[in-house]
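Each remark here refers to the structure printed beneath this line.
The values are calculated or read from the model by the stated rules, or taken from the named source; none is laboratory data. As the structure is a computational prediction, the values presented were derived from the model and not from experiment. A quick note on method: Cβ atoms are made from the backbone with ideal geometry, for glycine too, and the neighbour counts reach across all protein chains shown.
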Amino acid sequence: MSATVKVDMTVNGTGTSADVEPRLLLAHYLRDVVGLKATNIGCDTTSCGACTVLVDGESVKSCTVLAVQADGTSVTTMEGLEEAHPVTAAFRAEHGLQCGFCTPGMVMASVGLLSENPTPTEREVREGLEGNLCRCTGYHNIVRAVLAASGQDPQAATAHPSRSGA
Amino acid sequence: MCVLMSIMGTRVVRIEDPVFLSRGATYTDDLTDERLTGALHLTLVRSPIAHARITNIDTSAASESPGVVAVITNADLDITPAVLFAMAPKTMARPFLAADKVRFVGEPVAAVLTEEAYQGQDAADLVEVDYDPLPAVVDMNTALDGDVLLFEEAGSNLAGALQDAEFDEHLFDDCEVVVTQEMVNQRLAAAPLEGRAAAAAWGDDGRVTLWCSTQNAQAARDEIAGWLGIDPAQIHLIAPDVGGGFGAKIGADPEFALVTWLAKRLDRPVKWTETRSENMTGMVQGRGQLQTVTIGGNRDGDVLAYRIDVIADAGAYPRLGMFLPFFTRQMAPGVYDIPKVESRARMVVTTTTSTGAYRGAGRPEATAAVERAMDLFAAEIGMDPAEVRKRNVVAPDKFPFTNKGGVVYDSGEYAKAIDTVLEASGYAGLRAEQAARRERGDVVQLGIGVSAYVEITGGGAFSEDASVEVHGDGSVTVLTGTSPHGQGHATAWAMLASEHLGVPIEKITVKHGDTDLIPRGAGTMGSRSLQTGGVAVYNASSELAELARTRAADLLEASVDDLVVADGAVTVKGTDKGVTLGELAQREQLRVDTVFDSGAASFPFGAHVAVVELDVESGKAVVDRIFTVDDAGPVLNPLLAEGQRHGGIAQGIAQALLEEVVWDADGNPLTATFADYAFPSAAEMPSFSLIEMETPTPLNPIGAKGIGEAGTIGATPAVQSAVIDAVAHLGVRHIDMPTSPLRVWEAINTATGGQS
């Protein structure tokens, strides 16, 4: 590939700029140009969400966005969350991660979900995170973590509805 | 033990997590090690055809592509094809790059080395390979027929066979009722979120540093050394953070050896990270058995005889998968005390991806078969499936119990596990609701599946190493031969050391997966880690505490008996006189190296109840609830143990309902991406209801058995049975996994003649 294009974007509050191939994916820009390795790439069909980041506050899969499309935007990766962020704190407290590979994307998708729906139901969390795959946790503790991060009691929020009258 | 309050059994949050949740873990592809500066990127050209002769490879256009440093084919290799498993026929070796033939879609054919990763994809497209197609062999029975051979010199497609004696034609003579069922235990993708990756850099000292994503660094080192014909001591193998394994990352992959060889050949560091599409055809897959199961007994519910005949798919080049039916045979009778049991397994090669371990590895196949058989038998005699199970389980006073597969069950309370899960699930109420829905003819029917299981854990390698050292600053380093990839050993092993030393876990560093630092170790697989490596850490820490007391006795001029180790110090009981462990370490190295050998495998067990709601018009089943008793002895850290159970349960539900690796008749993979493979999301899962039960093993001082695979082994048959149970009143007796809406709908139509 020949011509490069100049992109400027704010990543975790810091200005970045580079001449990149037009085909360069945002995920690779973040990992290889900026050097932020938390964002992982887990598939090549936009299915797993391991690469989820926030672009101007909205969660996107960075393997499906070109760096040039993110020109002029503000990108947040997991590295950019403040220490003791409610979502990361809840992931730890509820054991919402094991191998950690899906985690940066899962955390950012959760941050995005809660910004749109601050007190989701269990069902809304499950459907809201449908685009993020995890092989380790069975999602049980991830769902609990998101509910806890929203200020709800995860035990109560995942209680099974009574069957009486069914 | 001199600690006031035990840390064991408590819900300690992971010490791994602050890094994992801030800058992220460091997987192989994340490495910024200076030894990898200027590394070339490896892109593999892979076969798009299942079975073909290679007539020509033209690399000229690719070689001219921008950034290309080399294009390597089999003709350039000076390493001989690898026999990928010790018991595999020598005639079924795999070349590191295909020679005259390809035998599965995804087989590496050429290696493209470029300065930049994207350049590799451009150049790989320019490698021209001429293939002369041969008939694909996808079906296991076709493979057994042997009309088309994958390896002509082998003379057949049989990779191996396991049978003690010919089947007894009178096995079922005493039985009033005999039921036979053919079942498919379908092929699954392990699909860890991190695929395979490796990076190699040779030093001036003639040694190579090889980073790769593996579950056991030491075995991977030895395997690669063997394949390359070099001394294992030449390889410094490091497993950085590993993004899931589930058995598929046991040992090394041939690609890792190729990376190592290429780095030497090109005199530059080389990196390789596979894409998901490569992973879905290149990484070993699990299960893949055709089973013919026969069960017989009397109408009172006593099972008298059981037979399982297995054909197992080894894939194109036999690897660990060809061995796993060994476990299926060992565990054939499951929790049941059946007087007569027979089994046989034949392992065939097919023009598909090689098979290996996947969570459970041979045991879920045994459990699925016997649990389905119990249901079929129960249905035939009109008895409740839970009742039939309880009637036939091994009684608690029979342990240690030698099963008909020849293995010794250490301890178990099988009927209690069943009763416990039945009660927790409100089984009687569920049956009543099911009856009401059937009576009303509801569109959404309720299905209830019961499973009981026992499995082998810690069965591969009984021995594991540990070293524990206190440093001058009071911090502690633990070296372990186990190799976590999500299980949380850094936390769990720190708890075990803290138990004896009283040092807070934040001051304890657990190191693993580095063959220079830890030359010996068996890694993490088969749910072995806590009961071998964990116990080694526990014992080493205990010995270290004793050593500290002995040394402190001299120093403090006190009797050893008056000394206690607590809070990282040795003190004289009832006084404030003492010395810290750090101070002792400043005087003389304070370290213990130990080996623990359990001497035998342990046999955790449990029982699950799955409840599904099934729409009889669409055939779609949804797991509404799942209740699980998974007894693996005393629990070190409930948070971690529950996490293991959750993940296993989800993978069990996924096998029962959703997942299957599929090829068409020409051997083309139809599930080679996450868009096509039915990997479940949170939306397909319920929250899980776990019930505690702890029956210790006598095999180790903490009584622990393995918990890693329990969920998968128990949940799969429970959910499959629940789906079938939801439509049992329509006359359906069996549906193969995955119980997809189409299969359920077809089963209903077959059973009712389209009249439902």
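So, of the residues in region B:655-692 that are assigned to a loop (DSSP other than H, G, I, E, B) and closer than 16 Å to B:ASP624 by Cβ, which turns out to be farthest from the other protein chains (Cβ to nearest Cβ)?
Per the stated criteria, the residue is B:LEU658.
Just a yes or no: is a residue in region B:537-544 assigned to a helix (DSSP H, G or I), in contact with a Pro (Cβ under 8 Å, 6 or more places away or on another chain) and at pLDDT 95 or above?
From region B:537-544, those assigned to a helix (DSSP H, G or I) are B:537-544; that's our starting set.
If we keep only those that are in contact with a Pro (Cβ under 8 Å, 6 or more places away or on another chain) as well, we get B:538-539.
Subsequent filtering for residues that are at pLDDT 95 or above retains B:538-539.
Yes, some residue in region B:537-544 is assigned to a helix (DSSP H, G or I), in contact with a Pro (Cβ under 8 Å, 6 or more places away or on another chain) and at pLDDT 95 or above.
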Residues satisfying the stated conditions in region B:1-33, i.e. within 30 Å of B:LEU97 (Cβ to Cβ), of a type in the set (D, E, K, R) and in a helix (DSSP H, G or I): B:ASP29, B:ASP30
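Does B:GLY643 meet the test of being at positive phi, buried (at least 22 other Cβ atoms within 10 Å of the Cβ) and either within 21 Å of the chain's Cα centre (by Cα) or within 8 Å of chain A (Cβ to nearest Cβ) (or both)?
Spelling it out, it is not the case that B:GLY643 is at positive phi, buried (at least 22 other Cβ atoms within 10 Å of the Cβ) and either within 21 Å of the chain's Cα centre (by Cα) or within 8 Å of chain A (Cβ to nearest Cβ) (or both).
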Selection count, region A:1-46, where residues are among the polar types (S, T, N, Q), away from chain B (no Cβ under 11 Å) and touching a Lys or Arg at 6+ places or on another chain (Cβ under 8 Å): 1
Which listed residue is surrounded by fewer than 21 Cβ atoms within 10 Å (Cβ to Cβ) and either under 29 Å from A:GLN155 (Cβ atoms) or within 14 Å of chain A (Cβ to nearest Cβ) (or both), from B:GLY754, B:GLY703, B:GLY708: B:GLY703
Output for region B:95-134, where each listed residue is among the acidic types (Asp, Glu) and under 14 Å from B:ASP76 (Cα atoms): B:ASP100
Sole exception among (1) surrounded by fewer than 24 Cβ atoms within 10 Å (Cβ to Cβ); (2) touching a helix residue (DSSP H, G or I) at 6+ places or on another chain (Cβ under 7 Å) for B:ASP241, by number: (2)
Selection count where residues are more than 11 Å from B:VAL470 (Cβ to Cβ), surrounded by fewer than 19 Cβ atoms within 10 Å (Cβ to Cβ) and under 44 Å from the mean Cα position of the chain (by Cα), scope region B:552-583: 2
Residues being buried (at least 17 other Cβ atoms within 10 Å of the Cβ) and in contact with an Asp or Glu (Cβ under 8 Å, 6 or more places away or on another chain) - total across region B:679-697: 10
Where B:GLY619 falls short, out of the listed (1) touching a helix residue (DSSP H, G or I) at 6+ places or on another chain (Cβ under 6 Å); (2) in a strand (DSSP E or B); (3) surrounded by fewer than 24 Cβ atoms within 10 Å (Cβ to Cβ): (2)
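Residues of region A:116-135 being β-branched (Val, Ile, Thr) and within 8 Å of chain B (Cβ to nearest Cβ), which ones? Give the derivation first.
Narrowing region A:116-135 to residues β-branched (Val, Ile, Thr): A:119, A:121, A:125.
A:VAL125 - this is the single residue of region A:116-135 that is β-branched (Val, Ile, Thr) and within 8 Å of chain B (Cβ to nearest Cβ).
Rundown of residues vs (1) more than 14 Å from chain A (Cβ to nearest Cβ); (2) surrounded by fewer than 23 Cβ atoms within 10 Å (Cβ to Cβ), yes/no style:
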position	(1), (2)
B:VAL178	yes, yes
B:GLN181	yes, yes
B:PRO192	no, no
B:ALA198	yes, no
B:GLY203	yes, yes
B:ASN216	yes, no
B:ILE224	yes, no
Residues that are surrounded by fewer than 15 Cβ atoms within 10 Å (Cβ to Cβ), touching a residue at least 12 places away in the same chain (Cβ under 8 Å) and in a loop (DSSP other than H, G, I, E, B), drawn from region A:1-23: A:MET1, A:ALA3, A:THR4, A:GLY13, A:PRO22, A:ARG23
B:ALA373 being buried (at least 22 other Cβ atoms within 10 Å of the Cβ) and in the same structural domain as B:GLN291 (by TED's automatic domain parsing): yes
Identity of the residue in region B:608-632, of a type in the set (Gly, Ala, Ser) and more than 20 Å from the chain's Cα centre (by Cα), that ends up farthest from the other protein chains (Cβ to nearest Cβ): B:GLY619
So B:GLY459, is it outside any helix (DSSP H, G or I), on the phi < 0 side of the Ramachandran plot, among the small types (Gly, Ala, Ser) and at pLDDT 95 or above: no
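Within region B:624-665, which residues are charged (D, E, K, R) and closer than 21 Å to B:VAL535 by Cα?
Listed by number, the residues that qualify are B:ASP630, B:ASP631, B:GLU642, B:ARG645.
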Residue list for region A:88-111, filter: of a type in the set (Val, Ile, Thr) and at the interface with another protein chain (Cβ under 9 Å from one of its Cβ atoms): A:THR88, A:THR103, A:VAL107
